[in-house]
1. Please state the relative contact order of the range C:40-166 as a whole percent: Cα pairs under 8 Å, 6+ residues apart?
2. Could you rank D:Trp199, B:Trp302 by how accessible they are, 1.4 Å probe, largest area first?
3. For the peptides C:25-33, A:131-139, what is the packing order when you average, over each peptide's residues, the other Cβ atoms within 10 Å and list the highest mean first?
4. State, as an integer percentage, the relative contact order of chain D based on alpha-carbon contacts under 8 Å between residues 6 or more apart.
5. Each residue of the range D:65-73 in turn: what ³J(HN,Hα) in whole Hz from Karplus with 6.51, -1.76, 1.60 and θ = phi - 60°, glycine and Pro shown as x?
6. Going down the list B:Lys44/B:Lys65; A:Lys47/A:Lys215; B:Lys35/B:Lys65; B:Lys109/B:Lys207; B:Lys210/B:Lys236; B:Lys44/B:Lys236, which pairs span over 21 Å between their C-alpha atoms?
7. Can you order the peptides B:146-159, D:53-66, D:304-317 by their average number of other Cβ atoms within 10 Å per residue, highest first?
8. Could you please report the charge total around D:Arg263, scoring K, R as +1 and D, E as -1 over all other residues with beta-carbon less than 14 angstrom from its beta-carbon?
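The values are calculated or read from the model by the stated rules, or taken from the named source; none is laboratory data. Note that the structure is a prediction, hence the values are computed from the model and not measured. Please note: Cβ atoms are built from the backbone with ideal geometry, for glycine as well, and neighbour counts cover all protein chains shown. These accessible areas exclude ligands, DNA and RNA; they are computed on the full protein's heavy atoms, side chains included. Shrake-Rupley method; radii C 1.70, N 1.55, O 1.52, S 1.80 Å.
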Amino acid sequence: MATAAAPLLEVRGLCKRFGGLVALDRVSFQVREGEIRGLIGPNGAGKSTLFKNIAGFYRPGAGEILLAGRPISGRPPYEIAGLGVVRTFQETTLFQELSVMRNLEAGCHLHASSGLFRALLGLDRERLERQRQAAGRILDFVGLRERRAQLASELPLGSQRALALGIALLAKPRLLLLDEPFAGMNPAETAHMMELTRKVRRSGITIVLVEHNMKAVMGLCDFVTVLNFGRLLAEGTPESVRRDPAVLEAYLGSAAGGTERASC
Amino acid sequence: MNRAGGLRIGGDNYKVEFVSYDNEYLPDKALQGMKKLVGEHDVKFVMMLGGDTWPAVQPFATRRKLLTSTLLPSDLSPDAPYHIAPCEVHPIYNVTGVEWMAQNFPELKRAAICAQNDSLGLPSVATYLAAFEAAGIDVVDQNIFDPSTTDFAPVVTSMLASGPDIVCLDTCYADYVNLITEQLFHQGFKGKIISCTFDNYQDVIEKTSKEFVEGFIFQFPDFDDPALRQDFINFKRPKDFYEKFVERHPGQWSAVAWEYASIMDLWKAAAEQAASVEPLAVLEAMKQGGRAPHAFGDASWWGEELWGIDNALVGNWPVVTVRDGRARIEEFRSIPEWWSCYKDLLVKHMEAMGLMHYQQG
Amino acid sequence: MELVLQSIANALVQSGFFSLWAVGLVLIFGVMGIINFAHGEMVMVGAYTVWLLYAGQGLPFPLALLAAALIVCLLGLCMERFLFQPFRENPLGGLINSIGLLFILQVLAVQIGGLGLMKHVPPAFPGTLELPFEVRIPVQRAVALVVSLGLLAAVGWLLTWTRLGWALRAVSMDREAAALQGISVRRIGMFAMGLGAALAGTAGALMAPLVRVEPYMGHAVIITAFIVAIVGGIGSIRGAVLAAVLYAFFHTFVTTYYSGTLATMLGLFIMLLVLVIKPTGLMGSRLRE
Amino acid sequence: MNSASRRHGWWLAAAVLLPALAALPFFLPFHRQDFMIFLLLDVMLVVSYRLVTLSGEWSLIHMVLMGCGGYASALLSKRADLLVWLSIPLAALLTAAVALLLSFPLLRMRGFYFLIGSYAAGEAVRLAWKYFVYPFGGPKGLKLIPPLELQLPFLEQPLSFVEPIPFYLLLLVVTCVSLLLLYRLEHSRIGLTLHMVHWQPSLAEAVGVNSWRYRTLAFACGAFFAGLAGALFVHYLGSINPNQFAIGEMLYILVWVIIGGTRTFAGPVIGVVVLSVLNEIFRQYDEWRPAIYGLILLLSMRFLPDGLESLPGRLRGLWRRRVAAAQG
């Protein structure tokens, strides 16, 4: 019964130190399946570190990370990705010199084994065809069909982000970690990206995002987790967090700044 | 040679053309070069340093029945009947130096030996070990170092630690001999030094002292040596050759400087005798009667027991020491005589190091 | 006992050279992130300068030494200006350029001095120091050791106590942050390269009477400098000196008690081991790619 | 559609080029045939080296891996009396295995550390060949290595591949097949993944690519073809010694690859062919050759940073601008 009801992601007492600096101090929280969770906090609060721990880019100092009740902490990133936790990057990470379609094809690699001889002898044609179809579906999903032949470097920022999201989706995630998906976007792009994110959730994927753009966070997330100095500060619905005095005290100044920045 | 009228065959004079190819001491380059010399220039005789490059060239040269010469008789083999070592029979002649030393300095009984780890150094170690054993001298230390060594102080320290009366520098490259001798001087060695070569001994004297280098035993004379004016020496006008060489390449006189000239002399004599430049005819003329004029006196073709073929020209070899700051020949000694007494010892040490022709490859 | 002491003396002299080679390499890498494959050839140019000026023209040895340092320093500055600076974005570009230069310098050395026997450079300070316990050090080597130590101390002082040294360290830690602090990365790069080159030139000049001076002498230098730099932690000057001392002692003792071939081979294995276990070396803390 | 017509172009080029290459040695004097042989071997080396560079690593051990193949095949055929036709592919596999073994320490490193690490590993292997007289023959290496022979029913004597023309033709076939395989590999999913591992390593990991595995794959496959070239080389020459695989030779591979350009498959091939031909032409300036190479390297880095492969495109660009200027 416990396993059936287990949250998709559970972080238990996670600690991470860099030398003398404590980046994460006994952080615990849970994310249920189908949720959109916002992760906020002032600069240096430990959000990125937390992300990197979940995705396997860092090895946690102490504590546990469970995916649907199974521990995943300490595994290398590609294995964690294989288990269904896929992240995107703050700086847009694409193959700038490849076309949109080629970018998506490159993203198909997770669910195909690397059979050397198949590849050499051309025996993986069927699989390649299936991948191409998958890439095509994602192309429609993120709305880039008209731009499929363009080079990634020629895309506007919003489309680049959508493409990065598409690459992540091709890895068939259960849990998607978005690292500042709205940074630097204009309001129209932000709105489009928010819609896209909801669409992803509707397709059955759970989302955790780190974001400074408060408008987007408050408009999009079901629940919000607030970190400060590596510690969990507050947790709850956007409204309750917004009213939490501790959050206001520790955070509001920079949050307001963030909102302003985003709106101009 | 050409200035002296060139090659005389059937009453006509021919000029000999010399073509060179730098093989960078790489086997594939050597093969390409050899084919080019034959294909483009139709050469009749190829003089090589030999060693690492020879095995790659051998099948081609043998199939083409090319006459080739080497300075390293370890190249010789029954499979290569047209490959000869007509000048230097490295490292067998080193036995003469040891033998001479044992006769003149019978009180020296302990030797330390060092060599670089390559195809020049190792066969030489076997020869010196045999020669020392034949002379009743103990080898108390051996230090084989990498050819990339830059600082020889540790090598010398290690040799001196065993308290030798003799330090043997084997067939170290000339530059190593130079640096090791300098270290021996600084670390206070008082005994005898014996080596295969001692090319830039004038420089070493400047670095150490005339007294220290006095009595250094090696195997390669300067060609202005009065002992080379004796009748049995076949090298023509050695003094003129030496002076011309030193004038053209100051400071570059070395152990091998005269060897190609000496081989050419031999070839010329054979070609004139055969009245042909065709390789097989020349070779036949060279080997007629099993003897030929070697630079240091008439010598015989030999080598069957070591390399499986009598293609090495062996006779007398000079023992040279530094006397009053000049290299001077002490004595010519016969290699075949030493061989007839101690061949078992040499074969034993060569075998122990895996250097016999039937062990090679 | 005498053997141990003599070996220690030998190792000390070697440590001096090894550190001088490696410190120049490490300085250039640490500050600019460029692997200078032609570092050994800079040592060679230093040695050739001494051969030409001191052995050839009869200039006093200290003057020839100074000239060697200056010439190689100039060479280093030219390299930085024309070969490294235009390729700042592409660390491989600098490396490849240094390989190109290496070929050119070797051929020039062959053209100037020819091949064949090593160039003769008579010792400027003949004689042997005879210490207690029968330990002997040639005076030329002792002088070289003292000068090396002096230079290393000077470099250490420069890096630790001067504003220039502070800027140098800042650039080596984070180029962008240093630029934000108002440091001219370009000038610091020139300075590091000039200093590193001058050290290499001086090393070559000091060694000229002691080693084989020939066109390809840089090969042994670069191998040793790499081993030392890696073991010490590439980018760390102190690490380089420490590693130079350790490696010199290791190499000397293995050569003395076993054999030279073994010493060279084990040296490479140790370097590999360090790379695998602690790629940042003994004293290095940052990874740089 | 574009790619299809391009593919046709390739097939057409191959259909013309291959018979021409196969016929070439019959029109060459015998002392030029070896040049073609060593050129083909070098082509195999640079193209297999390119596979390693695809994963973003610049290795300095490739030449030593070629030597591994050579030593392995020599030892298998000479000491274990294995048929040469078997020892060659086996040697290539063994080389790949050696690379796999070396990849455990080496591929923990990246960038500069990998470069130096691969150099150190290569030198260590080479010193081991020198140090252990048994089985490697020490500094002298091995000689009298059995040649490739083929007993054909209509020939009295077995066809010997020490003769340049048969060996060349065999080598041409092997080279073409190797090139084809390497080309397919690069243009397969694996090649694309390698590209990803090189340029966006974090992204690759994040979407589930085990980059270590792909880097190992590239390293070992590159080693396989280098070993194959080495094994063929050794049975043609009949001898092998450690000095043939020294760092100097490795630097030449690097020069060829860089001057040719690494962006496309053809780049390194263009590099090695152009420089080798130039080399033959300027044979009489042999002592200047390294300096000429160095100068070409410096100039091409400065003015042709993408290698010779980019030259046609650049010239076209220049021409277009000219035309545009004339019209404007």
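1. It comes to 19 percent, rounded to a whole number.
2. Per-residue accessible area, sorted high to low, gives D:Trp199, B:Trp302.
3. C:25-33, A:131-139
4. 28 percent
5. Once θ is set to phi - 60°, the couplings for the range D:65-73 become 5, 4, x, 4, x, x, 4, 4, 5 Hz.
6. Details: B:Lys44/B:Lys65 10 Å; A:Lys47/A:Lys215 18 Å; B:Lys35/B:Lys65 13 Å; B:Lys109/B:Lys207 28 Å; B:Lys210/B:Lys236 31 Å; B:Lys44/B:Lys236 23 Å.
Beyond 21 Å: B:Lys109/B:Lys207; B:Lys210/B:Lys236; B:Lys44/B:Lys236.
7. Packing order, densest peptide first, comes out as D:53-66, B:146-159, D:304-317.
8. Here the charged neighbours net out to -2.
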